[in-house]
């Protein structure tokens, strides 16, 4: 039994599910435990297009990164990056610009450990284990300070993560703190699951995740829009994921409408 779990850091309680590993399961990844799959199966029983919703989030991230590259961004900070899977940010950006720099940030030990394995030998990408809700801790980390130059625009990604931030922690306030620190010209990509279209099903998902390491908090459009305060929202505005630059995806990607997304510029 040791070999399949050789990538698991010492001391991890594999009986406690985590959002990063449930998301990995929904994306078809292999870095999840039985406890994560139990929760993932519950989600899929309630929300039959759960895998498509996860894929839609992932696809938005890719399209947002491509747009940022077109806008001249060469350094990226991916907050709540999760378990690495096909089409990671550093793979996308370094294929287009080998000198581009990427830092991943997550608090999940498995996500960080596996990211370290993938990034071994890549001196233009790194990973930090930290709580993204504490920007000072994130931005003072030696890896961030070494790879990210805050005198130049940054591509900041908060994709499929804000719906794990409780009201008490203030997701809009967390975004605002990063916005204030980022240099002018930075681009900030946000996505957030919503119950606006499937209230009953999404309520079931919230219940399924309630006793996991990462409870979920779905929010309506108005609350998501408030997270862009003080920034210039780029076209096509704050929309559902399939409606955000589908031309940047293969064959004009569609998908479920249960994810609100947007990209904004720090003025």
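Since every read-out is calculated from the coordinates, none of them should be taken as a lab result. Quick caveat: nothing in here was measured; it's all calculated off a predicted structure. When we count neighbours, we look across all protein chains shown, and the Cβ atoms used for this are built from the backbone with ideal geometry, even at glycine.
Points to keep in mind about this one:
- This structure gives Rg/Rh (Cα atoms, Kirkwood Rh), computed directly, and of [x] 0.93; [y] 0.99; [z] 0.95 that value is listed as [x].
- Distance in nm between pseudo-label sites at residue 201 and residue 229 (7 Å out along the Cβ direction from Cα): 3.2 nm
- Overall, the anisotropy analysis places the stretch 189-262 in the oblate class: the square-rooted eigenvalues a ≥ b ≥ c of its C-alpha gyration tensor yield a/c not less than 1.5, with a/b not exceeding b/c.
- Sum of -39500 (n - 2.57) over DSSP H runs of 4+, divided by residues of the chain (222 nm, nearest 500): -11000 deg cm²/dmol
- Taking a ≥ b ≥ c as the square roots of the eigenvalues of the alpha carbon gyration tensor, the stretch 123-190 is prolate, as a/c is not under 1.5 and a/b beats b/c.
- Sites residue 146 and residue 166 - FRET efficiency at Förster radius 22 Å, r taken between beta-carbons, to 0.05: 0.10
- Bridge type composition, the chain - antiparallel percent by DSSP, nearest 5: 40 percent
- Using R0 = 51 Å, the C-beta based FRET efficiency linking residue 267 and residue 210 works out to 0.85.
- Cα centroid separation, the stretch 119-191 to the stretch 37-85: 16 Å.
- Global geometry of the stretch 125-267, whether rounded, prolate or oblate, following the gyration tensor of its Cα atoms and the 1.5 cut on a/c: oblate
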